[in-house]
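So the structure is just underneath, and the comments pick up after that.
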Amino acid sequence: MLKFAVFRSPGVNEEESKWLYELGRHLELLPGLKMPGRDWYECSEFPFVKQLEEAYPIILEEFKKLEAEHLVAWPEKYLCKKGWDVFPFFAFKNKMEKNCSMCPKTAALIESIPGMATAMFSCLQPRTHIKPHIGYQQYSERILRCHLGIVVPKGCFLKVNWEDRTWEEGKCLVFDDTFRHEAWNSDPDQVRIVLMVDFFYGGKSAADGRNPDFVRQMEVEGTGQSDDAIISGDLLAAIQAFGAAQNITKGQDERFS
């Protein structure tokens, strides 16, 4: 893909590539320019999506039992100063035991998803905007992202690669977060809630910016070492602090600790 070709072009060493990629995450690059490649995916391509949608009433019921204090603010404040809160189940294959016990049916369903890497409830307060950004290098190159609409008031939009779509309650959207994306909740009163699930996917060719062999290796070995994946230091520190308080169970991959 063009965007990855920029970061991996001849003459750009590994450290410079990482720096350019991270710079791209923090800036609203190339406004209005639609990048080539596959940004949105059909939900019918992924059997687990139907299971999520059918379980929507159960997931909604468990979410409603949560208290506000169970949510944590997303730590990357450059994307959203306030109003974006999450309830994580899994973070880079690390299981949040306490949270999963609070929503056991939802957690069991999430854990059954093939290649699941990260999952959380994502809550966007009224009149809140998540600024444009792209996913983490090496991690996002190997996953796709699924959103299940849980509570969706009017005026909520997800823009991926300059195409707007909106969530529907009980329905999923699947997209590639290596593309520039942002989200809004323009409703003055209601919170927008989605269940977000990242899952490893090897269906894209190397020409599309994703190496299938590398993805399969990722599925076996985990999500990559912290020194070879661009993960925000603030986010990683927040995950570690949250885990210390929540009794995280590490998956096979312990390299994000």
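Things worth noting here:
- Share of carbon and sulfur in the accessible heavy-atom surface of segment 34-180 [1.4 Å probe, %]: 54
- Over 31 Å (Cα to Cα) - which of Lys105/Lys154; Lys34/Lys64; Lys95/Lys154; Lys50/Lys159; Lys65/Lys171 fall in this group: Lys34/Lys64; Lys95/Lys154
- Protein heavy-atom accessible surface, 1.4 Å probe, per residue over segment 66-212: 36 Å².
- Positive minus negative residues near Val160 (Lys, Arg vs Asp, Glu; Cβ under 9 Å): -3
- Residue-level accessible surface for Asp164, protein heavy atoms, 1.4 Å, Å²: 80
The values are calculated or read from the model by the stated rules, or taken from the named source; none is laboratory data. No experiment lies behind these values; they were computed from the predicted model shown. Please note: Cβ atoms are built from the backbone with ideal geometry, for glycine as well, and neighbour counts cover all protein chains shown. Accessible surface is based on the protein model in full, side chains and every heavy atom, while ligands, DNA and RNA are left aside. Shrake-Rupley method; radii C 1.70, N 1.55, O 1.52, S 1.80 Å.
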